[in-house]
1. May I ask you to list the residues in the range 46-82 that are in a helix (DSSP H, G or I), closer than 23 Å to residue 97 by Cα and among the small types (Gly, Ala, Ser)?
2. Considering each of 73, 47 in turn, give the residue that is crowded, with 16+ Cβ neighbours inside 10 Å and in the same structural domain as residue 94 (by TED's automatic domain parsing).
3. Sort out which residues of the range 88-119 are within 16 Å of residue 215 (Cα to Cα) and of a type outside the set (A, V, I, L, M), and write them in order of number.
4. Surrounded by fewer than 18 Cβ atoms within 10 Å (Cβ to Cβ) and part of a helix (DSSP H, G or I): does that describe residue 219?
5. Between residues in the range 161-176 that are on the phi > 0 side of the Ramachandran plot and residues that are among the β-branched types (Val, Ile, Thr), which pairs lie under 7 Å by C-beta distance while being six or more apart or on different chains?
6. Kindly indicate whether any position in the range 131-151 is under 30 Å from residue 213 (Cα atoms) and not aromatic (Phe, Trp, Tyr).
7. Filtering the range 246-262 down to residues that are assigned to a loop (DSSP other than H, G, I, E, B) and within 13 Å of residue 45 (Cβ to Cβ), which residue is farthest from the chain's Cα centre (by Cα)?
Amino acid sequence: MCGMHTSLAKFAIAATIAAPGFSRSIGDQDVAHWSRAGDGLGFLIQAAWTEGEAQERGIAVTDSEAREAVDEAPHNGLTRSDLVYASRVRLLEARIRDQIAQPAAQSVTPEQIDAYVQEHPRTEPERRRLRLFVASDRAEARAAQRALRRGRTWRSAARRYATEGDGAARTIEPGLLADRVEKAVFRAPRNALTRYGTAVFKVTAIIPGGPTPLAQQRATAWEVLSSAAQARAIDLFELDFRARWRLRTTCAPEYATHLDCSGSPNGRVTR
């Protein structure tokens, strides 16, 4: 087993996982070795479960993929080989979940999307197109305002007077500016050169609020519904996965109380 320290001599079995077409034995030495980094027996049992499940589903990870996914240095007594093995297990877990999640996302129907849009209508707030920068103090802001009235460009005035902002045109919606400045911006008439405190700005366009385009609402609805469907599918899979593979796991007497062992009184089916 990649990443596991085994010895043909004095190899005591801590746990055995057996399923149709798959079997794995975990030795005392392996448990002791991996326990330096945590629950060694739990990690090795669940890693074997993942490998068995992946085999049943036709999912594989190549050696090069496992090596490339390692992003840490050996520690806690683990070796580079151990890290590659752990990496392989993580990739298998991710691909198993992907195999569960994809059909769940595809199960969302147009009718469900329409119902969601009707129950959660979205609207866009009023937005404003403007140029704005903030000067260091009110005197500098007044000087900037006078310079702009005399024909200085916004970019040039920002370079001369601004401590924040460059005067470039941008579109904003509520929540992007400081509270008092934002109130002043949304009260200002169009094309009026305005100063509020140290902020100098001009609103060049007012974009009325209204319903969010239907296509955008449907896209958002699909994202919400598909994410929920995937989460439900993965939750159900994990309950079933643990129940099935725990029954296939037999542990030596000294490990029998571990919650991943089929005979454990604490081996309740949990996530």
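The values are calculated or read from the model by the stated rules, or taken from the named source; none is laboratory data. These figures come from a predicted structure and were not determined experimentally. Using ideal geometry, Cβ is built from the backbone for each residue, glycine included, and neighbour counts are taken over all protein chains shown.
1. Within the range 46-82, 47, 48, 52, 54, 64, 66 meet the criteria.
2. Numbers: 73 fails: crowded, with 16+ Cβ neighbours inside 10 Å.
Within the list 73, 47, the selection yields 47.
3. Listed by number, the residues that qualify are 109, 110, 111, 112, 114, 116, 118, 119.
4. Values: surrounded by fewer than 18 Cβ atoms within 10 Å (Cβ to Cβ): yes; part of a helix (DSSP H, G or I): yes.
Yes.
5. As it stands, the answer is 165/134, since those pairs meet every condition given.
6. yes
7. Across the range 246-262, the extreme among qualifying residues is 252.
Here's the yes/no breakdown for (1) under 30 Å from residue 222 (Cβ atoms); (2) among the charged types (D, E, K, R):
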site	(1), (2)
129	no, yes
132	no, no
158	no, no
171	yes, no
177	no, no
